[in-house]
Amino acid sequence: MKWKNISIVAMFLLLAAMVTADVEQTTVTFVIPTDIDHSVSYGGACSSANFYFVESDGNKDGTQAQINVTSDDAGTLPCQNETTSGLILSNLGSVNVDIVANVTAAYPAGSNLKAATADAGFEVECTGTVDAATCADIPFGVPVALASALTAQTGTEEIWIWANMTNFNAGVAGQNTATLETTATQS
């Protein structure tokens with residue numbers, strides 16, 4: 001009986017040696033490439049081509065504060081009010097982003113833009129950053145942060161934007177344009 005047990009053990013060891021395999025490993029990495037992409041949408045009927053700030057206080061002297069954006073040069077089609085923002089910034093990319101605004105052409109004398117994340121953020125003289133309680137001026141040639149760390153794929157920020165006029169165009173009828181550009185960078 002002893003011999004029979006030894007031959008079973010020998011056969012087991014022989015089989016174990018035969019089923020031992022050579023193993024190689026490959027590291028598998030799953031990647032979502034970095035993609036920085038954002039969009040700007042507009043309140044009401046506004047668009048990138050229809051974004052007007054029209055003096056509407058009845059004086060027609062080129063002086064008015066807190067002018068809401070409209071989609072026509074008569075100022076009759078509002079795009080922004082207490083509950084609807086003029087701009088909506090959306091992160092379409094695969095990383096969190098910060099978005100800044102920059103005016104790329106000099107403002108006409110006597111005009112400027114302001115921005116906040118709520119209608120209640122308007123101030124005649126902006127004292128803070130773009131948030132719900134304060135506004136920030138958007139000066140020519142100086143990027144201003146509109147949104148920080150917008151979540152990849154889903155992050156949005158509503159921006160209320162106004163113009164102030166102080167003796168714009170010396171109170172003479174007319175219009176001038178500037179370009180507001182937004183840029184997204186990885187947070």
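Below is a table of values for the structure above.
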{"quantity": "T129 of a type outside the set (G, A, S), touching an Asp or Glu at 6+ places or on another chain (Cβ under 7 Å) and surrounded by 17 or more Cβ atoms within 10 Å (Cβ to Cβ)", "calculated": "no"}
{"quantity": "Residue among A105, A74 that is exposed (fewer than 13 other Cβ atoms within 10 Å of the Cβ), of a type outside the set (V, I, T) and more than 26 Å from Q153 (Cα to Cα)", "calculated": "A74"}
{"quantity": "Whichever residue in the range 34-65 is outside any loop (DSSP other than H, G, I, E, B) and surrounded by fewer than 15 Cβ atoms within 10 Å (Cβ to Cβ) and, among such residues, is nearest to the chain's Cα centre (by Cα)", "calculated": "S39"}
{"quantity": "Matching entry among A178, A184, A170, A147 (being outside any loop (DSSP other than H, G, I, E, B) and under 27 Å from G58 (Cα atoms))", "calculated": "A170"}
{"quantity": "Among (1) under 19 Å from T182 (Cβ atoms); (2) of a type outside the set (K, R); (3) within 21 Å of the chain's Cα centre (by Cα), the one test that A132 misses", "calculated": "(1)"}
{"quantity": "Hits in the range 108-117 - residues which are within 20 Å of the chain's Cα centre (by Cα) and either closer than 27 Å to A170 by Cα or surrounded by fewer than 17 Cβ atoms within 10 Å (Cβ to Cβ) (or both)", "calculated": "L113, K114, A115"}
{"quantity": "Selection from the range 49-84 of residues that are small (G, A, S) and out of contact with any helix residue (DSSP H, G or I) (no Cβ under 8 Å at 6 or more places or on another chain)", "calculated": "A49, S56, G58, A65, S71, A74, G75"}
{"quantity": "Meets criteria (over 17 Å from V100 (Cα atoms) and either charged (D, E, K, R) or touching a residue at least 24 places away in the same chain (Cβ under 8 Å) (or both)) for T185", "calculated": "no"}
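Laboratory data are not the source of any read-out in this text; all were calculated from the coordinates shown. Keep in mind that what you see is a predicted model, and the values were worked out from it rather than measured. Backbone-built Cβ (ideal geometry, glycine too); neighbour counts: all protein chains shown.
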